[in-house]
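K.L.:
Below is one structure. I have some questions about it.
The values are calculated or read from the model by the stated rules, or taken from the named source; none is laboratory data. Remember, predicted model here, so these are calculated numbers, not experimental data. In this analysis, Cβ positions are derived from the backbone assuming ideal geometry, glycine residues included, and neighbour counts consider all displayed protein chains.
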Amino acid sequence: MSLFSPMRYVASVDRIDLEELWSQGKRALLLDRDNTLVPRDRTSAPDSVATWLAAAHARGFKISLVSNNWHRDHVERSARELGVEAIGFALKPLPFALSRACRMLNVAPSEAVMIGDQLYTDVWAGKLAGIDTILVKPQTTVDLWYTHIFRIFERRALRGMECEE
């Protein structure tokens, strides 16, 4: 797989099979916040996401938000609400925050998976950090102006890749 290819492409985070990840030796979930867990036009995660995260906790996964959002208070509030660790202003696609999250959770990169809605930040960061990646469809079309530009290129890069509904 190339730098442009996630391990999987799914419709939403709550569609990811936690038992399958566990059986693959994954023990940590590194999650983007905006439009992955929390829709960009809301302040809290939907109930379906909170339920999925509760199931991940119950299964034994270690979990951290790794968000580019520079509003650290938003990231930390979401982390508290969801009961997870957090790293804000991550500067993805640079891999350093993902490596830091693995150290913080005491897992090897091979035991982690990065889950996010952006190919050019979340997937690239995971690839550069040696971490498997899962791309999810954004929860809403509301995005920052520059993200709309990246989405044009993402659509081209994802042509032919099937999204698991």
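K.L.:
Which residue is modelled with the highest pLDDT, if the candidates are limited to region 1-39 and must be over 14 Å from the mean Cα position of the chain (by Cα) and of a type in the set (Ser, Thr, Tyr)?
P.N.:
Ser23
K.L.:
Need the failing condition index for Gly160 against (1) more than 25 Å from Pro46 (Cβ to Cβ); (2) in a helix (DSSP H, G or I); (3) at pLDDT below 95, just the number.
P.N.:
Going through the list (1) more than 25 Å from Pro46 (Cβ to Cβ); (2) in a helix (DSSP H, G or I); (3) at pLDDT below 95, Gly160 breaks only (2).
K.L.:
Restricting attention to region 17-33, which residues are of a type outside the set (Ser, Thr, Tyr), out of contact with any Asp or Glu (no Cβ under 8 Å at 6 or more places or on another chain) and within 12 Å of Arg59 (Cβ to Cβ)?
P.N.:
Asp17, Leu18, Glu19, Glu20, Leu21, Trp22, Leu29, listed by residue number.
K.L.:
If you don't mind, there's one more thing I want to ask. Given region 4-88, what strands (runs of 3 or more DSSP E) lie entirely inside it while holding 1 or more residues that are in contact (Cβ under 8 Å) with a residue 60 or more places away in the chain?
P.N.:
8-10, 28-31
K.L.:
Could you check region 89-120 and list, in sequence order, the residues that are farther than 22 Å from Arg8 by Cα and either of a type in the set (A, V, I, L, M) or buried (at least 17 other Cβ atoms within 10 Å of the Cβ) (or both)?
P.N.:
Those that are farther than 22 Å from Arg8 by Cα and either of a type in the set (A, V, I, L, M) or buried (at least 17 other Cβ atoms within 10 Å of the Cβ) (or both): Ala90, Leu91, Met104, Leu105.
K.L.:
Within region 7-57, count every residue that is within 20 Å of Asn68 (Cβ to Cβ), loosely packed, with under 14 Cβ neighbours inside 10 Å and among the charged types (D, E, K, R).
P.N.:
2
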